[in-house]
Each structure stands twice: as structure tokens, then as C-alpha cells.
1. Taking the conditions exactly as written (modelled with pLDDT under 80, β-branched (Val, Ile, Thr) and farther than 18 Å from ILE117 by Cβ), does ILE68 satisfy them or not?
2. Run down ALA147, ALA173, ALA155, ALA129 and say which single residue is modelled with pLDDT of 90 or more, of a type in the set (A, V, I, L, M) and surrounded by 18 or more Cβ atoms within 10 Å (Cβ to Cβ).
3. In the stretch 150-165, what residues are touching a residue at least 40 places away in the same chain (Cβ under 8 Å), part of a helix (DSSP H, G or I) and either farther than 23 Å from MET31 by Cα or not hydroxyl-bearing (Ser, Thr, Tyr) (or both)?
4. Is it true that ARG100 is surrounded by 13 or more Cβ atoms within 10 Å (Cβ to Cβ), more than 21 Å from LEU281 (Cβ to Cβ) and out of contact with any Leu (no Cβ under 6 Å at 6 or more places or on another chain)?
5. Among (1) surrounded by 18 or more Cβ atoms within 10 Å (Cβ to Cβ); (2) at pLDDT below 90, where does SER56 come up short?
6. Which of (1) under 22 Å from TYR83 (Cα atoms); (2) modelled with pLDDT under 85 is the odd one out, the single condition LEU282 does not satisfy?
7. Can you name the residue in the stretch 214-261 that is aromatic (Phe, Trp, Tyr) and touching a helix residue (DSSP H, G or I) at 6+ places or on another chain (Cβ under 6 Å) and is also modelled with the lowest pLDDT among such residues?
8. Would you please name the residue that is nearest to ALA74 (Cα to Cα), looking only at residues in the stretch 23-42 that are in a helix (DSSP H, G or I) and free of Cβ contacts under 8 Å to residues at least 24 places away in the same chain?
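The values are calculated or read from the model by the stated rules, or taken from the named source; none is laboratory data. What you are looking at is a predicted structure, and each value in this text was computed from that prediction instead of being measured. Note that each Cβ is placed from the backbone with ideal geometry, even for glycine, and that neighbours are counted across all protein chains shown.
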Amino acid sequence: MSVLSSSMILASGDDPVAHIVDKAIFDSPVMLSMVTLMVCAGVVFYLLLRAARSISTGPESMGNKRYIPTGSFASVVEVIIVYLRDEMLVPVMGKRLTKRYLSFLLSMFFFILALNIVGLVPFVDIQDAIYGLMGKKFDLKEHQTAAVFGGAATASISVTGGLALVAFIVIQAQGFRELGIKGWLEHLCGGHELVHGSIFLWLVIPIIFVVEFFGLFVKPAALAIRLFANMVAGHTLLITVTMFGAMAMKAGLGTLAVGAITLVSGIGAILITFLEVFVALLQAFIFMFLTAVFISLMSHEEEAGQEDPHGSQPQATHATH
């Protein structure tokens with residue numbers, strides 16, 4: 001990481017958190033995260049649609065080649081989807097629920113992954129630096145930017161909270177669809193066996209109900225906070241390390257000291273970037289996987305080894321709380 005690149009980031013402010021918080025575009029009510037969300041959604045839709053066309057089975061005249069995706073990107077997407085479906089979702093949800101919610105869960109995974117990756121690229125600082133080099137002056141107030149795209153959208157609690165709200169709606173919709181209103185209430189009270197069990201067990205039902213009711217909101221809130229906290233922490237560390245070279249030059253240190261600090265901080269920033277790419281992938285997976293777990297908990301309990309009425313493979317027994 002050169003002094004020039006770190007100076008470019010430092011030009012947008014010497015507060016690392018200022019590079020992460022969501023900002024308004026100029027003096028408009030449009031927030032940077034809104035544009036980033038729309039752009040990433042469009043890019044993900046286009047790329048996945050293109051991959052789907054490449055993965056789709058060709059005519060019988062192609063022989064076995066009709067099962068082979070065309071293009072390396074489509075092959076990678078197919079491997080990821082097959083692995084997530086067969087190794088992660090089916091063991092938790094069963095084939096029936098996996099088939100029903102696979103499109104939703106995969107869309108959530110790839111969308112969050114795209115937002116996380118975009119957050120690693122300093123699009124905002126590059127645009128602000130370009131405007132500065134062009135001599136254009138903007139009377140930007142605090143939490144405003146001249147950039148029109150970029151930023152760490154998932155480092156905004158409003159974005160992760162919106163994603164968690166979507167997950168909450170889907171989870172509860174599955175509960176009402178699978179259990180009905182009566183079964184949903186029994187689920188909050190500890191399950192059918194407890195509600196229709198011994199009368200002496202009824203004393204613990206109010207306690208279980210309170211815990212389960214608040215758990216309906218705590219679970220998606222935990223998803224939002226986990227994604228938000230990990231993105232903020234990682235981006236703050238990366239930006240802070242990147243700034244070291246320019247900060248040393250700004251402090252008036254000698255050329256040799258500035259060069260040494262820049263070299264060390266550059267190596268550290270590269271290593272942290274690789275770690276951040278892994279964290280971006282991991283957090284997208286965790287958000288999707290826990291959503292799948294919460295959906296499966298809102299389904300009928302099934303004994304291990306028992307097939308469901310639709311003839312799918314056995315599902316793991318789901319706990320009621």
C-alpha cells in the first residue's frame with residue numbers, strides 16, 4: 001500500500017469511522033447505502049441470471065456435454081450452490097423445506113456477499129479524491145459525500161436491520177403456514193407435548209412463552225448485530241492500518257521512517273484484506289445458515305428416520321425452543 005493510496009484515503013478525513021458510516025449524497029435525502037443496495041442487487045441479479053443460463057441443461061443432441069456449465073463463473077456458482085444445498089441446508093431443513101426456500105436463501109447469501117465485497121473497495125475515497133484533484137469544491141457537511149456509489153453498506157445497522165426484518169417475516173410466515181395459529185402459539189408455549197401434558201407443567205408455560213416470544217425478535221436482531229459488528233470492526237481496522245503511512249508523513253517524520261511505516265502498514269493491509277474477504281464470505285454464509293435454522297424450527301417436529309408425507313429424505317428432529 002503506497003503513501004499515495006493512503007493519502008487518498010486520508011484526504012477524506014483522518015477519522016477511520018468517518019469512512020464507514022453511511023452518508024448522504026451531497027445535500028440530498030438519498031443515502032449512499034441506498035444506491036449501493038440497488039446497484040448490488042442489479043449486478044447480482046444479472047450475474048446469477050447469466051450463470052443460470054450457462055448451467056441450464058442443453059438439448060439431448062449435446063450428449064453428456066449438456067450437463068456441463070459453459071464458463072468458469074457458472075461452474076463456480078454451481079459448485080457453491082450444490083455445496084450449500086446438499087451439505088448445509090438439506091441436513092438442517094430437509095429436502096422439502098430446502099426446495100421451498102432455496103431460492104430465497106441463496107439470493108440472500110449472494111446479495112450479502114456482494115455488499116460485503118463492495119465494502120472492501122474504497123470506491124467512496126477514490127471518488128472524493130478525484131473530485132479534490134479536479135479542484136472542485138463542495139460545501140459538504142458532516143456525513144455527506146460527493147461519491148455516488150460505494151461504501152460499506154453492511155456496516156450500517158439500518159441495512160443489516162432491513163435484511164433481518166426480511167428474514168423475520170419469512171420465518172414467521174413459515175411458522176403460520178406450517179403450524180397454523182394454534183400450532184404457532186403452542187410452539188411459543190413449549191410445544192404440543194407440554195401444553196397437553198401434565199397440569200403441573202402448566203406453571204412453567206408463562207415463563208417459556210415470555211422467553212420464546214422475545215426470542216422471535218432477538219434471533220433476527222442477533223443476525224443484524226452480528227453482521228453489522230463484524231463489518232464495522234474489520235473495515236475500521238483495515239482503514240486504520242492503511243492510514244499509517246500518510247499519518248506518518250503528515251506528522252513530519254523523515255523519509256526513511258515514512259517509507260518503513262508505509263511498507264509495514266502496506267503488508268499488514270494486504271494480509272487484513274485477505275482476512276476481510278474470508279470474513280465477508282463467512283458472514284454472508286452465517287446470515288443465510290442461521291436464517292435456514294430459524295425457518296426449520298418453525299416446522300413440524302419429525303422423529304429421526306421418519307420420512308415426511310411428500311416422500312423426501314428424513315429431516316433432523318427440530319427442537320421447539
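1. yes
2. ALA155
3. Within the stretch 150-165, ALA153, ALA155, ILE157, VAL159, GLY161, LEU163, ALA164, LEU165 qualify.
4. Details: surrounded by 13 or more Cβ atoms within 10 Å (Cβ to Cβ): yes; more than 21 Å from LEU281 (Cβ to Cβ): yes; out of contact with any Leu (no Cβ under 6 Å at 6 or more places or on another chain): yes.
Here the answer is yes, as ARG100 does meet what is asked.
5. (1)
6. Single failed check for LEU282: (2).
7. Step by step, filter the stretch 214-261, then rank; the result is PHE244.
8. Among those that are in a helix (DSSP H, G or I) and free of Cβ contacts under 8 Å to residues at least 24 places away in the same chain, it is GLY42.
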